[in-house]
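A short reminder: the numbers here are calculations on the coordinates, not readings from a lab. All values reported here derive from a predicted model rather than from experimental measurement. Cβ: placed from backbone, ideal geometry, glycine included. Neighbour counts: every protein chain shown.
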Amino acid sequence: MSSETGKIGKNKRINIDVIFAIMLTLSLAMTYAFYMAWNSPRSLAPDTSGGALKFFHIDSCAFGERDVAVTGWAFLPGNWKILNRVYAEKSNGNMVELMSSFQPRRDVGDAFNVGGMYDKSGFIATRHDSSAREDFTKKLLIVSFDEKGVGHAATYTCK
């Protein structure tokens, strides 16, 4: 009787170990899949059909081997709703979108004497691409979208 009980206990132990190993493998695979979906280095072709972007300034840009950090501002005259996107060029010529966030810029509205109209024109854009095979060049594409979603673009080369 005790030998049967020992076999049952051993089988349960093996089953639990197998289930644990499968669950651990699945959790690692799902984590990797979500990471690659969120941080995919795919190239994008931004909409620049709206013409040139004339009002922009890059305060600073720093390029490493696999990372970029850019701060600045951009706006379209007369637009209260400001949406800016920043793209960096890779050595293979493809453009990669930087993750950008809003940065309040009261100085921009003051400089153009429009009060708080362009306070939301500032941005901080960054990207770290640890899986990149190509380095970034120092070329940027700044795209500001109007209310209709049309992109107005300017290029900038960091020094």
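Tabulated results
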{"quantity": "Ranked list, fewest to most other Cβ atoms within 10 Å of each Cβ, for Trp73, Trp80, Trp38", "calculated": "Trp38, Trp80, Trp73"}
{"quantity": "Taking Leu83, Leu28, Leu98, Leu140 and counting other C-beta atoms within 10 Å, the order from fewest to most", "calculated": "Leu28, Leu83, Leu98, Leu140"}
{"quantity": "Fewest-first ranking of Phe136, Phe63, using other Cβ atoms within 10 Å as the exposure measure", "calculated": "Phe63, Phe136"}
{"quantity": "Percent of C-alpha pairs per 10 Å bin, the range 62-159, short to long", "calculated": "16, 44, 28, 10, 1"}
{"quantity": "Positive-end extreme of charge dipole, the range 15-143 - chosen from Gly78, Ala37, Ala21 (charges on Cβ)", "calculated": "Gly78"}
{"quantity": "Zone residues, the range 58-88, relative to Asp135, backbone N less than 14 Å from point 7 Å out along Cα-to-Cβ", "calculated": "63-68"}
{"quantity": "Inter-site label distance for Lys54 and His128 at 7 Å from Cα along Cβ, in nm", "calculated": "4.0"}
